[in-house]
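**Student:** What follows is a structure written as structure tokens; I'll ask about it next.
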Amino acid sequence: MDNLLEVKDLKIWVAGAARPILVVDGVDLQVRAGSVLGIAGESGSGKSISAQSLIGILGEKFVYEGEIRLEGRLIGDGGEPFAAIRGREISMIFQDPLNSLHPQIQIGKQLTEHAGRSGQDSRKADKRARELLREVRIPDPDWAMKAYPHQFSGGMRQRIAIAMALVGDPKVLIADEPTTALDVTVQAGVLRLIKRLCVERDLGVMIITHDLGVMNAMADDLTVMYAGRVVESGPATQVLQSPRHPYTEQLVGSLPAGPARDGGRARNMRAIAGEPATPRNRPAGCAFHPRCPWAEDRCAVTVPPVEYRGEGRRSACLVDPFFSVDDVRKAAAR
Amino acid sequence: MNSDSMALVVNDLEVEYRTKGRARVRAVAGVSLQVGRGEIVGLVGESGCGKSTVAKAVVGIERPAAGEVLYRGARVTPISRIGKRPKNQRNLQMVFQEPASSLNPRRSIGSQVADALKFATDLPQAKHEERVRELLDMVGLPKNAHRAYPHQFSGGQKQRACIARALAADPEVLVADEAISSLDASAQAQIADLLVGLVKKLDIGLLFISHDLAVIGEICDRIAVMYLGKIVELGRPEQIWFEPRHPYARALMRSVPRIGRDSFPESLEGEVPDPANPPSGCRFNTRCPFVMDKCRVQEPALIDVEQEDGGTVACWLQEPGAVVDLDTLATEREVASA
Amino acid sequence: MSVPLLSRLSREGRAPAVGSEPTLPSAEDLRAHLDKQVRIAGRGFWKQPLAVAGVIILGLWLVAGVFAPWIAPYDPLAQDAARFLPPGGDHLMGTDSLGRDVLSRIIHGVRITVPYAVIIVAVSTAIALVVGSIAAYAGGWVDEVLMRITDIFLALPSIVLAMIVAAAIGPGLENAVIAIIIVAWPPMTRIVRSLVLSIRSRDYVTASRLLGASSSRTLVVDFGPNLIGSVVVVAMIEISQRILLLAALSFLGLGAQEPTPEWGRMVSDGAAILDRWWVATFPGLAILTVVLAFNLIGDTLRDTVDPQVSKQVKE
């Protein structure tokens, strides 16, 4: 399938106290239509900054370099300006829906704002806004049109923010921690909505979250980032169930899995030793090497390249401890 | 288990908030709990269910409207605006959600831990420095940590320092209010590990409050599930996890996205009702998939449904000696409607 | 056409990245540009050109004030020259309506303006610290009563209130100072109260109380250091406001009286005779530079006083 949104060798610098800091170092991403790309990582991994660079909303202290292509057309640096793309071809929703909702304007007005400005028929715009509210499953759209954001619960507000993101009929939807602030029982509903929109509208969805459980439910493809670099990417289920990179393996292992059925503790929560690396103090060589149980001397020297590992999977590890002969045989047999 | 031997006993606790111009809100509407030494009791629920208010009332930050909290057999008195906390309660300690705001940014870690020794223990001043180092080492902080300032630490390290400060008071019971929720995944696991280790090593009781069911299920010996100010189910983690008896507990379990789970997480219909104006009857009846007429009228009490199980549930579906499996019930309903 | 998301983003100042410009500098240029920006933004107090300028200006004025009798070419009160001599020659800034040397009067004027402004701010800050802390810490009706009292003072513009008070207790420099203190403490109290409230809601204060620290100790140890930085910053900015108010009262004849060489008074003398521009302009410039110096210092302090920021500076 063709890539809808393609990012090559993305680098982002931020103004630091003494010198610019490279917060994102050579990230490649591909978003396909009708599928969900997940970007996972802890804070400081550069996942949110990467997403923000794709619609040009980085702050003034940031500079990016790299190639961003939407359906093959270059956008941003040297191509079509972000302002022409943002909100139309690529939309974004945030952890806090109030980022995209004005607190003192009625929902209906906000949803029809752009239609009025471009001289569209206001009744048509009104009808379309109602349709969008129905599409994101807001109960009683007629009432919602006249209501203000504070009259809705967090989950409903996020749904409205999604409706707002759909106004321009985007091809790509970027969701930055869309459910992190929500309760679990509400989160499930919002996730289901995003998944449904992805399929029904053939949207390319990019979801950014630290929650690998959410990734398991949502993502078709998964990219794992650590300290500004991609450490592993591939089909989500495979990456999560048989990780290829030590960091992914350790991260999955650190998650709580709940109790075991026989009453014993599953004790899945194996903590990763040490503190997470940040772009500000990224270790030389592989950024994960100081915390990696498989690290060898060379890991402290060479930055591992992201290498193809078969079956759509890539990882950046010199040691590659989860390499299995069976995989090679399977690949050879094919 | 005998409740007299419990380090912390909460009896029918109620906490009310009075907001200007609005009705009284009963954030906690009758909660009973016990925490023994060497035991981790989890309190889980969604935002607004009152779990943090329980934590505050337990340590005395919040004044109960009714009921009582007993710590080592003595009633916990709420902390007044002026005046000091009674000496015998100073070792009932709490770890807060935000490590960044629970340490004074302008004081060294060492001096803040030493404060606990000064106020809550009888240790002579001369031995404070040694004890501070010992405590910081116990929570896994580097050797020179006592001289560091909070901003030099990561979130996980700050939380370790907060735990060290709480431990300095020599607690029998520790209350952790969402103590790992604001941390990154790997730091969460570290701090959870640390807490579990300390509970066993120092034989202290831990009341662990969190919205994260997976973490609660992983580290706790018993779990209480709260909804709208009340405990709806209490039991062993594996029972609540695999055979929840309360429909809300079941919904909560089924909504958690987890690795290795094939089914898509399920959402719960509707919204949490306004705590100022809770529904009559069972508080969950507005969202319950199994709701019956009785549920709208009469409020179910928390009852033991099975002998020697230790679990209790507040639901009209469940009767002593006849536990209904909710999954089976759900399947039956589906079949019947199809 | 535009989309609401967009308008909101730009309202929050998150401008589109540099990339959306039609002609693009190379990535190298951008990095160099960032480098430079960073070097300015990350500097400590002493490395900020504006702050240093403020300190230098203020320092010059203070030196002039301390050594006024030696620096000033003439006696500020002596009326021995001709009236309204234009600037130049023996009188660099000319002479006023009574033939007094303007430059000498300005130099001696520092000895009035700066010390009185400092006294005003020190006293009003002290009152504010006490009243604001009590209000925030005690809460309830105590807070309610104290805040209603400050509301009464805040209801009138400070200049009007200061005029009323000064007029009531009689014109004169000391009375003007008292009037300004009465005007200055309520807004300061509001600031202190909100600072204390924000600190009180932080968990480390609760943690201290849980350990058994007394409320007075919490005030000193937990509030003190966290309050002092902010209060000093506010006081610095406040000083410039109070200098202006003092000058204004003197200008209106409610403050310093003849022959005191107070700047506001001097501006007022020259205001009626605009063709003899030097009489009012030079004291006006003096007020401007001192106010500017305090403002520059206060602003920079505000940016550097946060420990988070100072940490970055050390890196």
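Nothing in this text is a laboratory measurement; each read-out follows from the coordinates by a stated rule. As the structure is a computational prediction, the values presented were derived from the model and not from experiment. Note that we place each Cβ from the backbone using ideal geometry, even for glycine, and neighbour counts take in every protein chain shown.
**Student:** If I take all pairs of Cα atoms in the range B:81-153, what percentage of them are more than 14 Å from each other?
**Tutor:** Percentage above 14 Å: 65.
**Student:** Under the Cβ-under-4.7 Å rule, which cysteines of chain B stay unpaired?
**Tutor:** So, B:CYS49, B:CYS162, B:CYS220, B:CYS288, B:CYS315.
**Student:** Taking beta carbons within 10 Å but only from partner chains, what does the mean come to for residues B:238-245?
**Tutor:** Taking all residues of B:238-245 together, the mean is 3.
**Student:** What does the charge dipole of the range C:45-314 about its Cα centre add up to, to the nearest 20 debye, if the Cβ of each Lys and Arg holds +1 and the Cβ of each Asp and Glu holds -1?
**Tutor:** 840 debye
**Student:** Let me ask something additional. In whole Hz, what ³J(HN,Hα) sequence does the range C:230-240 give by Karplus (6.51, -1.76, 1.60; θ = phi - 60°), x for Gly and Pro?
**Tutor:** Couplings: 5, 5, 4, 4, 4, 5, 4, 5, 4, 3, 4 Hz.
**Student:** Among the lysines, select those whose C-alpha is under 21 Å from the C-alpha of A:LYS47, and discard any that sit fewer than 8 residues away in the same chain.
**Tutor:** Cα-Cα hits under 21 Å: A:LYS8, A:LYS11, A:LYS61, A:LYS171, A:LYS195.
**Student:** Right, another one. Counting pairs of alpha carbon atoms under 8 Å apart in space and at least six apart in sequence, what relative contact order in percent does the range C:45-314 give?
**Tutor:** Value for the range C:45-314: 24 percent.
**Student:** Using only Cα atoms, figure out Rg for the range A:36-138 and give it as a multiple of 2.2 N^0.38 Å. Write down the numbers at each step before the final one.
**Tutor:** Working: Rg = 16.5 Å, N = 103, 2.2 N^0.38 = 12.8 Å.
With N residues counted in the range A:36-138, Rg over 2.2 N^0.38 Å equals 1.29.
**Student:** Let me ask something else about it. Report Rg/Rh for chain B, rounded to two decimals, where Rg is the Cα radius of gyration and Rh the Kirkwood radius.
**Tutor:** 1.00
**Student:** Equivalent ellipsoid semi-axes for the range B:172-272, as square roots of 5 times the alpha carbon gyration tensor eigenvalues: give them largest first, rounded to whole Å.
**Tutor:** 24, 17, 13
**Student:** Which of rounded, prolate or oblate describes the range A:15-91 when judged by the alpha-carbon gyration tensor and an a/c cut-off of 1.5?
**Tutor:** Oblate.
**Student:** If you don't mind, another one. Just going by the charge dipole of chain A, with Lys and Arg at +1 and Asp and Glu at -1 on Cβ, which of A:GLY285, A:ILE55, A:VAL230 is farthest out on the positive end?
**Tutor:** In chain A, that residue is A:ILE55.
**Student:** For B:GLU68 paired with B:HIS151, estimate the spin-label separation in nm (one decimal), with each label point 7 Å from Cα along the Cα-to-Cβ line.
**Tutor:** Placing both labels 7 Å beyond Cα along the Cβ direction yields 4.8 nm.
**Student:** Using just the C-alpha positions of chain A as equal point scatterers, what log10 of I(q)/I(0) does the Debye formula give at each q in 0.06, 0.08, 0.09, 0.15 1/Å?
**Tutor:** -0.24, -0.42, -0.52, -1.28
**Student:** Among B:GLY110, A:VAL23, A:LEU10, pick out the residue whose Cα is farthest towards the positive end of the charge dipole of the protein assembly as shown, where Lys and Arg carry +1 and Asp and Glu carry -1 on C-beta, about the Cα centre.
**Tutor:** Final value for the positive-end residue is B:GLY110.
**Student:** While we're looking at this one, here's another question. Could you give the size of the charge dipole of chain B about its Cα centre, using +1 on the Cβ of each K and R and -1 on the Cβ of each D and E, expressed in debye and rounded to the nearest 20?
**Tutor:** Roughly 2000 debye, rounded to the nearest 20.
**Student:** What is the spread of the Cα atoms of the protein assembly as shown along each of their three principal axes, largest first, in whole Å?
**Tutor:** Principal extents (largest minus smallest coordinate, Cα): 111, 72, 68 Å.
**Student:** Please report Rg (one decimal) and Dmax (integer) in Å for the Cα set of the range B:13-68.
**Tutor:** So, for the range B:13-68, Rg and Dmax equal 12.3, 45 Å respectively.
**Student:** Moving on to the next point. Just to be sure I follow: if Rg is taken over the C-alpha atoms of the range A:128-183 and Rh is the Kirkwood radius over the same atoms, what is Rg/Rh?
**Tutor:** We get a ratio of 0.96 for the range A:128-183.
**Student:** Here is a follow-up. About its Cα centre, how strong a charge dipole does the protein assembly as shown have in debye, to the nearest 20, once Lys and Arg get +1 and Asp and Glu get -1 at the Cβ?
**Tutor:** 1160 debye
**Student:** Could you estimate the translational diffusion coefficient of the range C:45-314 from the Stokes-Einstein equation, with Rh from the Kirkwood formula over C-alpha pairs, at 20 °C and 1.002 mPa s, in whole µm²/s?
**Tutor:** 105 µm²/s
**Student:** How high is the relative contact order of the range A:1-159, in percent, counting Cα pairs under 8 Å that sit 6 or more residues apart?
**Tutor:** Relative contact order for the range A:1-159 comes out at 19 percent.
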